[in-house]
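The values are calculated or read from the model by the stated rules, or taken from the named source; none is laboratory data. Worth saying up front: this structure is predicted, and the values here are computed from it rather than measured. Cβ: placed from backbone, ideal geometry, glycine included. Neighbour counts: every protein chain shown. Calculation scope for accessible area: heavy atoms of the full protein, side chains included, ligands and nucleic acids excluded. Shrake-Rupley method; radii C 1.70, N 1.55, O 1.52, S 1.80 Å.
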Amino acid sequence: MRITKKLIIVGTGIVALVAGGGAAYAATAAAAPKVTAEKAMEIAHEQVPGAWVSELDYDRRGTRPDVWEIELAKGSVRHEVDVDAATGKVTEHGTKRADDDGDRDDD
């Protein structure tokens, strides 16, 4: 009987740890960014006036700050702008030609 009681106690402890860990994860996963998607697009448009947004993604980066990744198109140039989801600062801004997809049939 003692072995059974010990197994039940250990089993209960494991279930409590798993349930507690799941609740802790759910609490952190539900945190919304301080900068909204609309505000991030406004900030990106300030960087590239006259462009249109072709893609918008929210990227949770773990130990690094979360960012809104925004791809804009203006003419034949694609702009990729990362906006910090907490501060609204532009953390990265890169450009490339819209037809520069790595294949050689664009000649």
**OP:** Determine, for each peptide in 47-53, 85-91, 60-66, the mean count of other beta carbons within 10 angstrom over its residues, then list the peptides with the highest first.
**Re:** 85-91, 47-53, 60-66
Original post:
Label residue 38 and residue 93 with points 7 Å out from Cα along Cα→Cβ: what is the distance between them in nm?
Top reply: 2.4
Original post:
Taking all protein chains as present, what is the carbon and sulfur share of the accessible area of segment 32-79, in % to the nearest whole number, probe 1.4 Å?
Top reply: 51
